[in-house]
Amino acid sequence: MSSSPPHPDFPVGATNPTGPETTLQAPWRLEYLEALSASEKRTGGPPPTGSGSFLRDYWLQPQSDEVNHVIVRSPHGMVLLNAFPYANGHLLIALGEGKPRLLDYDATDRQRLWRLADLGTDLVERTLECQGVNVGLNQGRAAGAGVPGHLHVHVVPRWGGDSNFISVVGRVRVIPSSLSAMAVRLRATWQKIEPAWREEIER
């Protein structure tokens, strides 16, 4: 990580409104970016594939659960790791059928969604021994929904001081564990608690 050079019109230490103040070195992203560029050169743009909701696509691809970091799958929905987490173990909870608003689901499906959220909370508490948990959803683009057509619940484990000095000074959040390693830990916990939860989430 390196600092960007100071802007000539602003004194050292002042906020530079014309560009980022911090550069993150992430060389592993190059392969993804080059593949995307090659694909777009061939097709003239991003391919019109998929449903428009990665959650729906994951739901329809149970054979790819390990690759997609799906931890739990029920007859109605799933618990999976967020690929762009706010904290280690950040989970997404979604029903298989995507709808944009909570009240677009009937009462039974809302109960199923929140039962999976309960399970997600149990998973992160047991696996990570976190000191707190944020649970919530963003309904609609204006509320910050990244997939506005497919409502989902966020379960984010928290610790005292988890917004450390680099978050405050550099406005960068550090995620020390890889998704794959976290998935292994969460699946191990799921194997232990599945008997107590399976009947509950299959209703």
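Going through Asp65, Asp109, Asp104 one at a time, which residue ends up being among the acidic types (Asp, Glu), touching a strand residue (DSSP E or B) at 6+ places or on another chain (Cβ under 7 Å), closer than 25 Å to Ala142 by Cβ and free of Cβ contacts under 8 Å to residues at least 60 places away in the same chain?
Result of the check over Asp65, Asp109, Asp104: Asp109.
Residues to consider are Arg56, Arg112, Arg42; find the one that is closer than 25 Å to Arg158 by Cα, basic (Lys, Arg) and at pLDDT 55 or above.
Just a single option satisfies the conditions, and that option is Arg112.
Inspect all residues belonging to the stretch 183-200 and state whether any of them is within 22 Å of Gly136 (Cα to Cα), among the acidic types (Asp, Glu) and at pLDDT 95 or above.
yes
Within the stretch 97-126, count every residue that is farther than 20 Å from Glu200 by Cα and not small (Gly, Ala, Ser).
Looking only at that region, the number is 6.
The values are calculated or read from the model by the stated rules, or taken from the named source; none is laboratory data. If you're wondering where the values come from, they're calculated on a predicted model, not measured in any experiment. In this analysis, Cβ positions are derived from the backbone assuming ideal geometry, glycine residues included, and neighbour counts consider all displayed protein chains.
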